[in-house]
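One structure is given here, and the rest of the page talks about it.
The values are calculated or read from the model by the stated rules, or taken from the named source; none is laboratory data. Since this is a predicted model, take the numbers as computed values, not measurements. We place every Cβ from the backbone using ideal geometry, glycine too, and count neighbours over all the protein chains shown.
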């Protein structure tokens, strides 16, 4: 079989995964998209392993590794999503922005600056 | 001669000052002996040195202090008759002042530092007098300036004292800058800073720029000796304690400039232009200050302007090429002006005011301070220059010197050719000195009559001692709008004349009365100096005395007519408008029989304010400096600080922009990451 088929398939899978990660709103679907990307890589590994006729089958071995790691990762990820859902009542990834640095907090931080300016005027 | 003796003369007061400063707080009881003893011992030693040196001798020893690459700086003495005479004067006046201060500043909490500064000042003056090296002399000169600054500002609680001390410091330093350059130029031209070498170079004509040197040195002399363009600090310096005025602003520090010129007179004789400048400076100073003195209301300011005028006499004698007459007048003036100030201090303590118009309303003032009354009278007569008091002889010596210079036969006593002194300088000095003699007599008479002999005081004749007036009344008491240098004063009027304040007066009264006689024979005082005659000559003596008598009579006549008008209930027309209108002040009509008002007429107002020189300087110098300071503040606050603040604001804005990217949405971050990876890949690949 020509190498192009599995590689193109892997690229399509990876692209679908990227799209899913960047555009899906549900956290579970984002995790699934991550799985798609991982599996696209796995497919590449296997395809190149066969194409290169590697005597040690390093590609296949690595694929097994990746599958294991992905299983662990998805378990951890789903647990986090579950906790998020329990805490917030939603698994919407657009709403989970608590770690952001919104512009409204500027007003609070500017207050000490103003006080310093006042002090400078009083000293003058 | 044992060199330890002259070394101890300036060293002892300096050590005394250090000891007083060190122990002043811990052992206040030691302050008085530590103040008096070193100064007194140093005065005695100065006398011993003078006696050992004898007449017609000079002592010139020096040791190299430090090599400079140029002319070396040496530590040494240059003693001759001039330094002997002046060091004895300094010692005498300083001792009197220290004794007097123990009583005058009895209740002052800062007495120890005051006494230490007076001692240090005495040491500096003696250093100036004894030093044989111009740079070491400059050290003493500047130490005096600093001591003067501290002592004028002794009562730093008052605004007047603070501003007066700053003014004195700045104005004298303004003169000291050209002075410093003059010394450098002199040292460079002569190849040495030692006075003997400089004088030798001047005699041999080795000085390249005598006119420039002389004019630069005159800057410092004008500052220190309060001559015309830089005289304004001296009247204001009266905000200091009165003994300080007696020591510094009458007898010693202001004399330093005159002393320096007399030391370096051969240099000045090389330049006719410098002598003419000096003569004009002296003439303007003399006449202007005498007119101002005639219009002052503050007792100490009258004396201050009088000091300025008498220093003008000395400068005039120097411009006429006769340093003998100048130093003679310096010493006799030092004695009687110190006496005048000390007596004025007693009177001010007793009257609780500086204002002579306020004193004129006090009944029986002269009976409460008899010693001050009599010694002040003696000193004023000496100031006027009536025979046989010392002022007569010294003033005649100045007039004689000016007369000879005007005739082209200046009494240079071998320091230079008589033709070195331009005749114009002699004429300027002669005419202005004669006019000033008249004015001096008038203001001295006015001072004495208004302060002590006012009809108000005599008519009231109240037997009881004047009730102690509180400070507020005293302040409101002096004439409105008159310049006034009040002094913090805690003394009890009942004890106005303690012995420590009375005896220095009589000690100083002796030279005031008798010192002039020493000039009668050439083997007395003149032998100590240059050997020329100081005997009064016929024409000038008669003219001078006549002018003085005319001045006294004019002042007396004006005073009588003013008194008569006042007695008749019709106040002098000029005085009618001078009822003070301050809100809340007691309705005391400040109408005093003031002969100065009658004599000066329309000049009275300007003269009272020093002919607006202060105001002119305010417009010319103070305001531009303040404006420049404001500009600097503006540049600092608004321009430089804008950059500093701008960097902060810029960083803040940048931070705000970066913050916009921090939305918290992981997908946005990932999109940016992906875009960046794609971009980098494309860039690397292409």
- [ ] Answer yes or no: is there a residue in segment B:635-646 that is within 14 Å of another protein chain (Cβ to nearest Cβ), modelled with pLDDT of 85 or more and closer than 30 Å to residue A:96 by Cα.
- [x] no
- [ ] Look at residue B:665 and say whether it is within 60 Å of the chain's Cα centre (by Cα), within 19 Å of residue A:101 (Cα to Cα) and within 14 Å of chain A (Cβ to nearest Cβ).
- [x] no
Open item on the list: I want to confirm something. Restricting to segment B:651-673 and keeping residues that are in contact with a helix residue (DSSP H, G or I) (Cβ under 7 Å, 6 or more places away or on another chain) and surrounded by fewer than 15 Cβ atoms within 10 Å (Cβ to Cβ), which single residue is nearest to residue A:24 (Cα to Cα)?
Closed with: B:670
Open item on the list: When you check residue B:651 against the structure, is it over 26 Å from residue A:92 (Cβ atoms), away from chain A (no Cβ under 14 Å) and modelled with pLDDT of 90 or more, yes or no?
Closed with: no
Task: Among the candidates A:98, A:91, residue that is in contact (Cβ under 8 Å) with a residue 60 or more places away in the chain and within 14 Å of chain B (Cβ to nearest Cβ) - done: A:91
TODO: Quickly run through segment B:204-240 and pick out the residues that are under 22 Å from residue B:74 (Cα atoms), at pLDDT below 85 and touching a helix residue (DSSP H, G or I) at 6+ places or on another chain (Cβ under 6 Å).
DONE: B:207
Open item on the list: Condition first: closer than 20 Å to residue B:262 by Cα and part of a loop (DSSP other than H, G, I, E, B). Now tell me which residues in segment B:55-81 satisfy that.
Closed with: B:55, B:56, B:57, B:58, B:80
Open item on the list: Quick check on my filter: what residues within segment A:1-11 are more than 19 Å from residue A:63 (Cβ to Cβ) and outside any helix (DSSP H, G or I)?
Closed with: A:2
Open item on the list: So if I check each of A:82, A:56, A:3, A:45, which one is more than 21 Å from residue B:670 (Cα to Cα), modelled with pLDDT under 95 and buried (at least 18 other Cβ atoms within 10 Å of the Cβ)?
Closed with: A:45
- [ ] Determine if segment B:37-54 includes at least one residue that is at pLDDT below 90, in contact with a helix residue (DSSP H, G or I) (Cβ under 7 Å, 6 or more places away or on another chain) and not in a helix (DSSP H, G or I).
- [x] no
Open item on the list: Can you tell me how many residues within segment A:12-32 are surrounded by fewer than 14 Cβ atoms within 10 Å (Cβ to Cβ), in a helix (DSSP H, G or I) and either in contact with a strand residue (DSSP E or B) (Cβ under 8 Å, 6 or more places away or on another chain) or within 14 Å of chain B (Cβ to nearest Cβ) (or both)?
Closed with: 3
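Would you mention how many residues in segment B:607-634 are within 11 Å of chain A (Cβ to nearest Cβ) and outside any helix (DSSP H, G or I)?
Selection size over segment B:607-634: 0.
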- [ ] Have a look at B:500, B:562 and point out the one that is at pLDDT 75 or above and closer than 23 Å to residue B:359 by Cα.
- [x] B:562
- [ ] Take residue A:124 and decide whether it is within 9 Å of chain B (Cβ to nearest Cβ), exposed (fewer than 10 other Cβ atoms within 10 Å of the Cβ) and either at pLDDT 80 or above or on the phi > 0 side of the Ramachandran plot (or both).
- [x] no
